[in-house]
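Below: one structure, written as structure tokens.
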Amino acid sequence: MVQQAIPEGQATPRAYDIAKIRRDFPILNRDVASGAKLVYLDNAATSQRPVQVIAEITRFYRDHNANIHRGVHTLSQEATGLYEGVRETTRAFINAPEAREIVFTSGTTEAVNLVAHGWARKFLQPGDEIVATELEHHSNIVPWQMLRDERGIELKFIPMLADGTLDMDAARELIGPKTKLLAVSAMSNALGTILPLEELVPLAKAHGATVLVDAAQAVPHMPIDVQALDVDFVAFSAHKMLGPTGVGVLWGRFELLDAMDPFMGGGDMILTVTTEESTWAEVPAKLEAGTPNIGGVVGFGAALRYLDELGMDQVRAHELDLTRYALARLGDVPGVTIYGPDNAEDRGGVVSFSLEDVHPHDIGQVLDDQGVAIRAGHHCAQPVMAALEVPATARASFYIYNTRDEVDSLVSAVEATSRMFGTG
Amino acid sequence: MTATRDLESGGSLMDDLYREVILEHYRSPRNRGELDTPTCSADGANPLCGDQIHIELILDGDEIVDLKFSGEGCSISQASASMMTEQVRGHDRDHAQAASDAFQQLMLTGEPGEFDLGDSEMLAGVAKFPARVKCASLAWKTLEQALKTDSTEPVTTDERTADHG
Ligand SMILES: Cc1ncc(COP(=O)(O)O)c(C=O)c1O
């Protein structure tokens, strides 16, 4: 049986064995172009994948590959079972009430656009307001701007304070009776700021607004319980949490998904089609037109099991330790400015920084020579850069396999950059 | 625990990119600032890394009597702008265009050609870093734009603003 072919992860969390974890990621042993050993600190952009995920994808294509939902033959039934099994694994991972509320997309971006097209476009009227924050990734800004321009909806942004936290006084003023949607990220990819959903969500709910959470940076790094959050839509991407690219998730409350219009028309999303008209299939099929990324979704299942086995509490604790250490060590380097909340508890495993008189791109370039992979740029969050009045920052971001030694490598490389540009 | 690679040692790719002359232009740029009475100007941007440049010229007939640049960006973009101004100041349009063509060639091949580009030739190492070619080319592209006096269109060395954060 299919279930036997791909064993479920053990339910009991094991101890946090970093050496064992690192053995699951052979890529961490490679060198970069300069010959230096890789120190991968660009996890907010995408994580690496463990051998378990790679093996799962290989096994799917080798042993079970077929299209889903439409065949009576053995392979199609196995593929369907595997694909639908991951829907349940995903449901459990975020504690959603029902598996049919999990819609597989190509990523967070598609998930947000699906809500914009299928829900907001149908239910929001001219004059209604969408409230977002200045900390959003472009994928939680641009779809709303497009809808605003099309529909005459108002779009407002809760400003960011200088320390990278949200201006909650402004939030209380901006979220009001006209607010129909609060579109907010759970954690900023640019600064790591963890947004105070426990304060924001009740503000929105008090006015009957729907809440969409961009959890692209949250679900991979901390325990997320969509029912406890009391939100309506949650979007995230598999590739930031050990899974393959091209897979994402939109979770939504059943009534909302059920009321939504499909975003794309095609195969798999219909009940009947005549040349005159079509009727839609049930949720989630209605929202998953065409052949999905079956192999990717199956691989994502292995990623979820891997994280589940580690325990998301442990993942969070590990990243918190690295973040605390990095804030202290980098903060000691002359000329370094760190952006975002001072308190490690208020951020995910992201440290955005600049070095006096050295452009972030130059930092990134010299760090690469030392093997240290970080991100330099605006991180798809130009409003954050504008609020900080910087063109770009350098950003190190951590995940389950990073170590304090790697933070030391980061710090040494930043010091080397400083020496090279004559600032240190 | 952490072995810092020696950046000062010769022969590495890093040394090819960040030649001392380049860092020197970055630290003390030539012809930086604004002119009182420019006859033409242009803006350039490299959205991928946020490099921005503004170039002002005083043209007397075909001669570039004076020029200055302002803006901000990475060391490569700023040093290249500084070197460019030295290269074309006091020369005519044809010379500036020929220099710009030679510079694009340098970025393609990594080898200086017939045309003497002065300090700008020190940027040859950039050719090995495709992502940085746009940084180095920005000043030249913007100069070309400014020389088309009837045009005030901003230029960009990169159509993409994608930065998958
Ligand atoms: C906070 C946040 N939202 C959305 C996205 C977009 O995710 P994707 O590119 O996987 O659709 C990202 C990552 O790039 C992100 O960090």
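The values are calculated or read from the model by the stated rules, or taken from the named source; none is laboratory data. Please read all numbers here as calculations on a predicted model, not as lab measurements. For neighbour counting, all protein chains shown are included, and Cβ atoms are generated from backbone atoms with ideal geometry for every residue, glycine included.
The set of residues from the stretch A:63-104 being within 16 Å of the ligand (Cβ to nearest atom) and either without any contact (Cβ under 8 Å) to a residue 40 or more places away in the chain or over 24 Å from A:A209 (Cα atoms) (or both) comprises A:T90, A:F104. Quick check on the stretch A:172-186: of everything there that is aliphatic (A, V, I, L, M) and crowded, with 21+ Cβ neighbours inside 10 Å, which residue is farthest from the ligand (Cβ to nearest atom)? By that ranking, first place goes to A:I175.
Every condition in (1) modelled with pLDDT under 95; (2) touching a strand residue (DSSP E or B) at 6+ places or on another chain (Cβ under 7 Å) holds for B:V88 except the one numbered (1). In the stretch A:371-392, which residue that is closer than 18 Å to A:N43 by Cα and among the β-branched types (V, I, T) is nearest to the other protein chains (Cβ to nearest Cβ)? This residue is A:V372. Considering the stretch A:348-370 alone, what residues qualify as being in contact with a Leu (Cβ under 9 Å, 6 or more places away or on another chain), within 9 Å of chain B (Cβ to nearest Cβ) and in contact (Cβ under 8 Å) with a residue 60 or more places away in the chain? Of everything in the stretch A:348-370, those that are in contact with a Leu (Cβ under 9 Å, 6 or more places away or on another chain), within 9 Å of chain B (Cβ to nearest Cβ) and in contact (Cβ under 8 Å) with a residue 60 or more places away in the chain turn out to be A:D369, A:Q370.
Entry remark, the stretch A:26-62: residues being part of a helix (DSSP H, G or I) and in contact (Cβ under 8 Å) with a residue 12 or more places away in the chain number 13 in total. Listed by first and then second residue, the pairs linking a residue in the stretch A:297-324 that is outside any helix (DSSP H, G or I) to a residue that is modelled with pLDDT under 95 and not acidic (D, E), with Cβ atoms under 7 Å apart and 6 or more places separating them unless they lie on different chains, are A:G311/A:P13. Within the stretch A:213-228, is even one residue of a type in the set (A, V, I, L, M), within 14 Å of another protein chain (Cβ to nearest Cβ), within 16 Å of the ligand (Cβ to nearest atom) and out of contact with any Cys (no Cβ under 8 Å at 6 or more places or on another chain)? Yes, that holds for at least one residue.
Scanning the stretch A:192-206 for residues that are away from the ligand (no atom under 16 Å from the Cβ) and either within 14 Å of another protein chain (Cβ to nearest Cβ) or among the small types (G, A, S) (or both), we see that the one that is nearest to the chain's Cα centre (by Cα) is A:A204. Check whether at least one residue in the stretch A:408-422 is at the interface with chain B (Cβ under 8 Å from one of its Cβ atoms), within 19 Å of A:S47 (Cβ to Cβ) and outside any loop (DSSP other than H, G, I, E, B), and report yes or no. Taking every residue of the stretch A:408-422 in turn, at least one turns out to be at the interface with chain B (Cβ under 8 Å from one of its Cβ atoms), within 19 Å of A:S47 (Cβ to Cβ) and outside any loop (DSSP other than H, G, I, E, B). Test each condition in (1) within 25 Å of A:Y83 (Cβ to Cβ); (2) within 14 Å of the ligand (Cβ to nearest atom) for A:T272 and report the one that comes out false. The failed condition is (2). A:G371 fulfils the conditions (1) within 27 Å of the chain's Cα centre (by Cα); (2) in the same structural domain as A:G35 (by TED's automatic domain parsing); (3) surrounded by fewer than 16 Cβ atoms within 10 Å (Cβ to Cβ) except for a single criterion, (3). Of the residues A:N189, A:N113, the single one that is within 21 Å of A:W251 (Cβ to Cβ), surrounded by 15 or more Cβ atoms within 10 Å (Cβ to Cβ), within 14 Å of another protein chain (Cβ to nearest Cβ) and within 13 Å of the ligand (Cβ to nearest atom) is A:N189. Does the stretch A:120-140 contain any residue that is more than 21 Å from A:W251 (Cβ to Cβ), crowded, with 17+ Cβ neighbours inside 10 Å, out of contact with any strand residue (DSSP E or B) (no Cβ under 6 Å at 6 or more places or on another chain) and in the same structural domain as A:A259 (by TED's automatic domain parsing)? Taking every residue of the stretch A:120-140 in turn, at least one turns out to be more than 21 Å from A:W251 (Cβ to Cβ), crowded, with 17+ Cβ neighbours inside 10 Å, out of contact with any strand residue (DSSP E or B) (no Cβ under 6 Å at 6 or more places or on another chain) and in the same structural domain as A:A259 (by TED's automatic domain parsing).
Within the stretch A:251-267, not a single residue is within 11 Å of the ligand (Cβ to nearest atom) and closer than 25 Å to A:K156 by Cα. A single entry from A:A394, A:A376 fulfils the requirement of being at negative phi, assigned to a strand (DSSP E or B) and in contact (Cβ under 8 Å) with a residue 24 or more places away in the chain: A:A394. Just to check your reading of the model, which residue among A:R404, A:R395 is farther than 23 Å from B:K134 by Cα, at pLDDT 95 or above and facing chain B (nearest Cβ under 10 Å)? Going through A:R404, A:R395 in turn, the sole match is A:R404. Taken over the stretch B:8-43, the criterion of being away from every other protein chain (no Cβ under 14 Å) and in contact (Cβ under 8 Å) with a residue 40 or more places away in the chain is satisfied by B:R30, B:N31, B:R32, B:T39, B:C40, B:S41, B:A42, B:D43. The criterion of at least 2 residues that are surrounded by 13 or more Cβ atoms within 10 Å (Cβ to Cβ) and in contact (Cβ under 8 Å) with a residue 40 or more places away in the chain is met by the following strands (runs of 3 or more DSSP E) wholly inside the stretch A:247-296: A:248-252. Flag set for A:V142, criterion: free of Cβ contacts under 8 Å to residues at least 12 places away in the same chain and within 14 Å of the ligand (Cβ to nearest atom).
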